Amino acid sequence: MQTAGNRLAKLSRKLHRKKGRREESLFLVCGRKSIQEAIANNAAIEHLFVTEDFAKNIDSNLHPLILDSKELSSLSPLEILQDAMAICKIPDVKELDTRKSALVLDAVSDPGNLGTLIRLCDWFGVEQLVLGKNCVDPHNPKCVQASMGSIFRVNIIECELEDFYSKYESPIYAAVLEGENVYETKFDTTPKALVLGSESHGIQVFPKENNYTKITIPKLGNAESLNVATAGAILLSHLRLA
């Protein structure tokens, strides 16, 4: 690589870590599908690295830096061989709209699960995703990859959950092991929030007593627990948050 390329390579590697992403207000987007979604959603792409083959499919106005697949993969934090990678500006977060539905996550630490939940928000039309401070960074490369481009369409708000609960005006449902059967509960289309905790520890920070409703997915077999993204898909399909 030339001097400019070396500088960008150093920046790319810095963005593998949360501290680097927060210092630069930048994050990495890896892979053909995610890059196409970034372009389609007018993401603020600062730098673009592509293989010669992929360069034929994108607008030259993006001024991509052409690398061979080995060079490109050496910059990527992911183990999968890449044909495209972008450095994007972390978007400004819109303020919480207390009149709209939200998915709320507490202590979700796996980036793949978080990315899948971002994608589920996009699928079910949930515009706001609220992350407690104990959640994994939503701009972790594995999370961005798992979201399959949905990260560009969902407003992600990181905050103290106590602060969210004190401001939120609509009903709140918390997913726990013992609660109302989600299959037997009728949900209307008015705004509401669904709170999910990690598979290992569950919800750590609850709303004040009597300010929320406990719901559960009834267990019919012998599995100990459900993956949080799987549970999220089931609950979102019933709660009608959008």
* Structure fact -> Scanning segment 86-126 for residues that are more than 18 Å from K18 (Cβ to Cβ), among the hydrophobic types (A, V, I, L, M, F, W, C) and part of a strand (DSSP E or B) gives A86, A102, L103, V104
* **Whichever residue in segment 208-229 is at pLDDT 95 or above and of a type in the set (A, V, I, L, M, F, W, C) and, among such residues, is surrounded by the most Cβ atoms within 10 Å (Cβ to Cβ)** => V228
* **Search result, residues across segment 15-31 that are out of contact with any Asp or Glu (no Cβ under 8 Å at 6 or more places or on another chain), open to solvent by less than 60 Å² (accessible area, probe 1.4 Å) and either farther than 16 Å from S76 by Cβ or hydrophobic (A, V, I, L, M, F, W, C) (or both)** => S25, F27, L28, V29, C30
* Asked: Only one residue in S34, S60, S12, S69 is small (G, A, S), within 23 Å of C143 (Cα to Cα) and open to solvent by 30 Å² or more (accessible area, probe 1.4 Å), so which one is that?
  -> S69
* **Number of the condition not met by S198 [criteria: (1) open to solvent by less than 70 Å² (accessible area, probe 1.4 Å); (2) at pLDDT 95 or above; (3) hydroxyl-bearing (S, T, Y); (4) in contact with a helix residue (DSSP H, G or I) (Cβ under 9 Å, 6 or more places away or on another chain)]** => (2)
* Structure fact -> When restricted to N134, N181, N140, the only residue open to solvent by less than 50 Å² (accessible area, probe 1.4 Å), in contact (Cβ under 8 Å) with a residue 40 or more places away in the chain and among the polar types (S, T, N, Q) is N140
* Asked: Mind checking whether some residue in segment 217-232 is within 21 Å of the chain's Cα centre (by Cα), assigned to a helix (DSSP H, G or I) and not hydrophobic (A, V, I, L, M, F, W, C)?
  -> yes
* **Residue, surrounded by the fewest Cβ atoms within 10 Å (Cβ to Cβ), within segment 105-129, restricted to residues that are among the polar types (S, T, N, Q), farther than 13 Å from I157 by Cα and over 8 Å from the mean Cα position of the chain (by Cα)** => S109
* To do: Only residues that are among the aliphatic types (A, V, I, L, M), closer than 12 Å to A86 by Cα and assigned to a helix (DSSP H, G or I): list them for segment 20-49, please.
  => I35, A38, I39
* Structure fact -> Residues of segment 50-66 being touching a residue at least 12 places away in the same chain (Cβ under 8 Å) and out of contact with any Gly (no Cβ under 9 Å at 6 or more places or on another chain), in sequence order, are V50, T51, E52, D53, F54, I58, D59, L62, H63, P64, I66
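The values are calculated or read from the model by the stated rules, or taken from the named source; none is laboratory data. Remember, it's a predicted structure, so these values are computed and weren't measured experimentally. Note that each Cβ is placed from the backbone with ideal geometry, even for glycine, and that neighbours are counted across all protein chains shown. Calculation scope for accessible area: heavy atoms of the full protein, side chains included, ligands and nucleic acids excluded. Shrake-Rupley method; radii C 1.70, N 1.55, O 1.52, S 1.80 Å.
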